[in-house]
Structures are given as structure tokens and as C-alpha cells.
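Below you'll find the structure, written out as C-alpha cells, and then a few comments.
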Amino acid sequence: MTPQTGNSPEQDQRFARTPMKTYSLMELVRGVSPMVEKGPDDTIFSFPMVALLELILLIGTTLVLVIFSLLRDAPLEELANPDVVTNPAKAPWYFMGLQELLLHMHPLLAGIIFPGLVILFLIILPYIDVDKSDAGRWFGTARGPKWVFFTTLYTVVMQTALIIFDEEVGLRGLGAASPLILQVIGPLLFGVLLFGLPALFVRRYHPTRREWMLVLFTIILASAVVLTISGFLFRGPGMHLYAPWNMPGGYNPWSSL
Amino acid sequence: MSSFIQSVTQSRVWKSFFRHGWPDDELNRSLIMTTNIFFHLHPVKVSRRSLKATYSFGLGIIATILFLILTVTGTLIMFYYVPSTESAYQNIVHLQTRVPYGQLMRNMHRWAAHAMVLVVVLHMARVFYTGAYKPPREFNWIVGVVLLVLTLGASFTGYLLPWDQLSFWAITVGTNIAGYAPLIGDDLRFILLGGVEVGQNALTRFYALHIMVIPLALAGLVSLHIWRVRKDGGLAAQQAAEEPLRFEQEDA
Ligand code: HEM
């Protein structure tokens with residue numbers, strides 16, 4: 001029997017003072033342990049450094065917000081009146097990309113299908129690009145920054161051109177009359193063009209998955225930014241394009257923030 | 001003075017609040033992180049690399065801070081606001097002209113709301129371009145996508161509350177977009193507005209969503225999101241510091 005320890009019998013059984021087993025080395029296996037092939041860990045205690053940084057961000061954000069709020073008042077127009085339609089009638093700025101898109105195509109495409117596809121893309125993205133060797137690194141690969149830069153440039157030019165083309169000429173101006181072509185087929189073709197051109201171009205350089213995602217995400221993000229700015233800043237009465245500083249009727253797009 | 005401080009920090013009341021000593025050694029710096037509910041969202045130790053301003057730009061933290069500011073200023077505004085089409089607009093005018101610092105409160109609430117949408121989008125872009133959505137962070141990325149949608153929802157529902165021309169027509173235009181969904185579109189819009197057009201029912205629903213449903217969901221999911229950053233091994237910058245890139249390994 002084990003010597004008297006003052007422990008309960010179960011404790012003595014499990015953590016016996018004099019174990020009856022012996023242990024010996026049976027085999028060497030190759031494997032990864034947490035510290036294999038890693039440099040000295042470059043970590044510091046969260047307290048106080050992280051707490052201090054967060055405090056600085058808290059004070060800084062509050063300060064900027066208070067100063068801005070002292071300088072600019074939130075807008076307040078007349079009492080809501082369902083009988084008097086404002087011209088233009090705009091959604092809040094973060095939905096102006098959608099409202100801009102609605103000007104160019106069938107509402108089902110602009111309001112439901114395209115935004116739905118973007119959300120779907122965001123959700124499945126981490127399951128498409130799973131190679132984690134370049135996680136936590138800005139733009140991933142050596143050519144990443146260049147690709148993102150040129151994709152942004154291309155998208156801004158292309159998207160702006162498409163918006164102006166539709167305003168000034170449009171498919172109608174080219175002789176199309178059927179709603180199916182004007183509202184669905186035409187916009188879909190332009191969409192294929194927008195994504196297809198860069199895809200054809202970068203394919204020759206055998207992109208990694210990360211690089212494919214960089215190009216795809218950048219086209220979507222830059223398009224959203226251009227559409228939002230166009231809708232918010234450049235659309236005036238009748239939702240036509242004007243220079244923001246030269247709107248008819250003294251309309252000021254900034255006053256709707 | 002120091003004996004006074006000592007008698008306070010040695011007292012049973014103090015010790016029942018804080019279960020560790022002054023955080024100036026490694027043990028107590030660990031304990032302060034693990035025994036405090038706010039700090040517990042953080043890891044005990046972080047890599048230097050993940051603290052570099054040019055890695056995260058602090059955008060997630062700033063989004064969290066803006067959410068907190070919105071909660072405080074929003075609560076103050078609630079003291080003066082009744083969500084009725086009869087009084088809402090007058091309440092806002094009253095808040096701006098009669099309540100001390102009322103205009104400032106409203107300004108801060110509005111600008112912080114816009115800023116939060118902007119900052120959350122920028123945060124998503126930073127997470128994307130640093131490849132921080134990759135395993136094991138897939139789930140946290142998806143939590144983020146839900147947070148983005150909730151942030152937009154919070155801002156949109158708040159937009160109606162002043163009940164001026166701007167609110168009325170923006171919500172009319174915005175909810176029309178929901179109406180375009182095939183089959184369920186009209187029903188969706190009807191459920192959102194509690195009717196076929198923007199009126200008292202819409203104001204009631206948007207108010208309930210804006211002050212209760214969405215903030216609660218946000219508070220819960222933001223906590224989950226930040227805690228999950230810790231459970232996934234800190235920011236992804238950490239990983240990059242530990243695991244050399246594939247081509248660097250090949251070079252070696
Ligand atoms: C209410 C909105 C949000 C809040 C308050 C928030 C908060 C945070 C915080 C505090 C961090 C820690 C690092 C940092 O500050 O950057 C973080 C990291 C992260 N966030 Fe968010 N976030 C929000 C929205 C999003 C969105 C929209 C996404 C993506 C769709 C996202 C995905 C992530 C991921 C994957 C990480 C880990 C990043 C890394 O390991 O480098 N978050 N978030």
C-alpha cells in the first residue's frame with residue numbers, strides 16, 4: 001500500500017508517490033513541435049504596451065470627432081413630407097453605389113444579383129485561397145503591389161468611362177431598343193468585359209490563388225468606390241451627371257450627409 | 001501616502017476586486033490580462049510585428065472605439081427622442097437648440113456613424129490585402145462580413161429617425177432596392193416598413209432595430225470577433241514573422 005499522505009484514496013491512486021511504471025525512449029519521430037525551426041520569439045507583454053496604444057487611439061479618435069463636430073453641424077432639412085419629392089432623392093452615401101448601378105441596368109441585376117454575388121464572394125473567399133504561407137503579409141507576393149496598383153488604375157478608368165458612356169450615348173444611342181438588350185444583355189457584357197480583360201492579361205503570368213483574389217477583390221472594391229463617388233457626388237437633379245461644384249438649382253451633394 | 005496606498009491595496013475589499021498585484025512583473029502582467037474581462041479579449045503576449053502601425057493601422061480598434069462612442073452619444077440622444085411621426089422632428093430641433101451640448105451630441109453621433117462605415121470598410125480592405133482571412137481565420141473573416149452588414153444596417157436605420165425630408169426620401173429610395181428581390185421583394189419591403197410606404201410603422205420598426213436589435217447583435221459579435229483574434233493566435237502578422245515565406249525556404 002502507498003504511504004499515508006493525507007490524500008483521499010482516489011488521489012493516491014492517480015498521483016501515486018511511488019509509481020510502479022517505468023518509462024523509456026521507444027522511438028524517434030520527425031514532427032513539428034511549436035518551436036521547431038522558429039526564430040527566437042519576438043513577443044512582448046500586452047500590458048502595458050497594448051493597453052497604452054489602445055488608450056492613445058481612444059483619445060485620438062474622440063478628439064478628432066469632437067473637433068469635427070464643433071466645426072460641422074449634422075444636416076436637418078424640413079419636416080418629412082410624403083407629398084413633396086426631393087430632387088434628386090438619394091439613399092445614404094454608402095448605398096449610392098447601388099443606386100448608381102440601378103441607373104444603368106435592370107433592378108434585379110443591380111439591386112439583388114450583383115450585391116448578392118459580392119457578399120457570396122466575400123463569404124467563400126477564405127475557402128478558395130487557403131495557402132497560409134503568405135498570410136499576414138501586405139499584398140502577399142513580390143509582384144502583388146504592382147498588380148493591385150494597375151488593377152485599380154484600370155478599374156477606375158474603365159468604370160468611369162462606362163458611366164459617362166451610358167450617360168452621354170448609351171446602348172440606346174447605338175441603336176438598341178429592346179429592353180432585354182438595354183437592361184440585361186448589354187450590362188452583362190460590360191460586366192464580362194470589366195472582369196475579363198484583366199483576367200486575360202494576368203493569366204499569362206500564371207498567378208497564384210492569392211494573386212487571382214487580389215485582382216478580383218481590387219476590381220470589386222475600386223468599382224464600388226467609383227460608383228459610390230459618382231452617385232453621391234456627381235449626380236444632381238434628375239440623377240444626371242454634373243460637376244459637384246456646379247449643380248443646377250444650388251443643390252449641394254454634401255448637404256445630404 | 002505610500003502607506004495609505006498600501007493599506008488600500010492590501011485591504012480585503014481591494015483584494016476581492018483585483019486578484020493580482022501591481023502589474024510590474026511578468027506574473028502580474030499575465031494575471032492582469034487573464035483576470036480582467038476587457039483585457040481577457042487580448043492575448044497575454046503579442047508579437048512586436050503585429051503592433052507595427054503599418055500592419056493593421058489600428059482600424060479594427062478604431063471601429064470598436066467608434067461603436068462605443070456611438071453607444072454613449074446615442075443613449076444621451078434617447079433621453080430627448082420619442083419615435084413618433086408627431087414629435088420626432090420637433091425632438092431633434094429641441095435637442096439642437098435647447099439642450100446644453102445637444103447639437104454637439106447629435107453631431108458626434110452622426111459623424112461617428114459615417115466614420116464607422118468608412119473605417120469598417122477600410123479595415124476589411126486591410127484584412128484582405130494582408131491575407132489575414134486565410135486559415136485559421138476563415139471563421140473570423142465571416143464574422144467580419146456579418147459585422148459589415150450590421151454596421152450598414154445600424155447606420156441605415158438611424159438615418160430615418162430625425163424624420164426630415166432627407167430621412168424620408170433616403171429610406172424610401174433605400175427600401176425600394178429591397179423591393180426588387182424576385183418573389184419575396186414586396187414582402188421584404190412590407191416587413192421592413194410595416195406597410196407599403198414609410199410612415200409611423202416604419203419609424204417604430206427602424207427605432208427598435210436601431211437602438212436594440214442591431215446594437216445588441218453588434219456588441220455580441222464584436223466581442224466574439226476580438227476574442228477570436230486571440231484564439232486564432234493573434235494577428236496574422238505574427239504568423240508571417242514565425243513562418244518564413246515559401247520562396248524564402250526554397251532559397252535556403
Ligand atoms: C464592426 C465592425 C468590426 C470591428 C469592430 C472589428 C474589430 C476588429 C479588431 C479590434 C481586430 C484586431 C486587429 C485590428 O485592429 O485590425 C480585428 C481583426 C480582424 N478583423 Fe475585424 N472588425 C470589424 C469588421 C470586420 C470585417 C468587415 C472583416 C472582414 C470581412 C473583419 C475581419 C477581421 C479579421 C480576419 C481579423 C484578423 C486580422 C489579422 O489577423 O490580421 N472584421 N477586427
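The values are calculated or read from the model by the stated rules, or taken from the named source; none is laboratory data. Computed from a predicted structure; not experimentally measured. We place every Cβ from the backbone using ideal geometry, glycine too, and count neighbours over all the protein chains shown. Side chains included, ligands, DNA and RNA excluded: accessible areas come from the protein's heavy atoms. Shrake-Rupley method; radii C 1.70, N 1.55, O 1.52, S 1.80 Å.
What number of residues within the stretch A:122-133 satisfy the criterion of being surrounded by 15 or more Cβ atoms within 10 Å (Cβ to Cβ) and either touching a helix residue (DSSP H, G or I) at 6+ places or on another chain (Cβ under 6 Å) or at pLDDT 95 or above (or both)?
5
Quick one: which of B:Leu166, B:Leu188 is more than 16 Å from the ligand (Cβ to nearest atom), open to solvent by less than 40 Å² (accessible area, probe 1.4 Å), within 23 Å of A:Pro92 (Cβ to Cβ) and of a type outside the set (D, E, K, R)?
B:Leu166
So which residues in the stretch B:109-151 are near the ligand (Cβ under 8 Å from one of its atoms) and not in a helix (DSSP H, G or I)?
B:Thr130, B:Ala132, B:Tyr133, B:Arg137
For the stretch B:51-65, give me each residue that is more than 7 Å from the ligand (Cβ to nearest atom) and either within 15 Å of B:Thr130 (Cβ to Cβ) or more than 8 Å from chain A (Cβ to nearest Cβ) (or both).
Across the stretch B:51-65, the qualifying residues are B:Leu51, B:Lys52, B:Ala53, B:Thr54, B:Tyr55, B:Phe57.
Looking at A:Leu71, is it open to solvent by 60 Å² or more (accessible area, probe 1.4 Å), within 7 Å of another protein chain (Cβ to nearest Cβ) and at pLDDT 60 or above?
The answer is no for A:Leu71.
Taking the stretch B:60-87 as the search range and keeping residues that are closer than 14 Å to A:Leu65 by Cα and without any contact (Cβ under 8 Å) to a residue 12 or more places away in the chain, which one is surrounded by the fewest Cβ atoms within 10 Å (Cβ to Cβ)?
Per the criteria, the residue is B:Val72.
Residue-wise test of (1) touching a residue at least 60 places away in the same chain (Cβ under 8 Å); (2) open to solvent by 20 Å² or more (accessible area, probe 1.4 Å); (3) in a helix (DSSP H, G or I); (4) more than 21 Å from B:Leu68 (Cα to Cα).
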| position | (1), (2), (3), (4) |
| --- | --- |
| B:Tyr159 | no, no, yes, no |
| B:Ile177 | no, no, yes, yes |
| B:Ile211 | yes, yes, yes, no |
| B:Ile214 | yes, no, yes, no |
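With the stretch A:137-246 as the region, which helices (runs of 4 or more DSSP H) entirely inside it contain at least 3 residues that are more than 19 Å from the chain's Cα centre (by Cα)?
Counting at least 3 such residues, we get A:144-168, A:170-173, A:186-203.
Going by the structure shown, is B:Leu76 more than 8 Å from every other protein chain (Cβ to nearest Cβ), within 23 Å of A:Ile56 (Cβ to Cβ), under 21 Å from the mean Cα position of the chain (by Cα) and assigned to a helix (DSSP H, G or I)?
Considered against the rule, which asks whether it is more than 8 Å from every other protein chain (Cβ to nearest Cβ), within 23 Å of A:Ile56 (Cβ to Cβ), under 21 Å from the mean Cα position of the chain (by Cα) and assigned to a helix (DSSP H, G or I), B:Leu76 comes out as no.
List, please: which pairs have Cβ atoms under 7 Å, are six or more places apart or on different chains, and start with a residue in the stretch B:40-59 that is under 10 Å from A:Ile44 (Cβ atoms) and end with one that is assigned to a loop (DSSP other than H, G, I, E, B) and open to solvent by 30 Å² or more (accessible area, probe 1.4 Å)?
As it stands, the answer is B:Ser47/A:Asp42; B:Arg48/A:Asp42, since those pairs meet every condition given.
Restricting to the stretch B:33-50, and then to whatever is open to solvent by 60 Å² or more (accessible area, probe 1.4 Å) and among the polar types (S, T, N, Q), can you tell me which residue is nearest to the ligand (Cβ to nearest atom)?
Looking at the filtered set, the residue picked out is B:Thr34.
Go through the stretch B:69-93 and give me each residue that's in contact with a helix residue (DSSP H, G or I) (Cβ under 8 Å, 6 or more places away or on another chain) and either within 30 Å of A:Arg137 (Cβ to Cβ) or of a type outside the set (Ser, Thr, Tyr) (or both).
Of everything in the stretch B:69-93, those that are in contact with a helix residue (DSSP H, G or I) (Cβ under 8 Å, 6 or more places away or on another chain) and either within 30 Å of A:Arg137 (Cβ to Cβ) or of a type outside the set (Ser, Thr, Tyr) (or both) turn out to be B:Ile69, B:Leu70, B:Gly74, B:Leu76, B:Ile77, B:Met78, B:Val82, B:Pro83, B:Ala88, B:Ile92.
Give the residues of the stretch B:29-39 that are assigned to a helix (DSSP H, G or I), more than 14 Å from A:Leu52 (Cα to Cα) and without any contact (Cβ under 8 Å) to a residue 12 or more places away in the chain, sorted by residue number.
Selection gives B:Thr34 alone.
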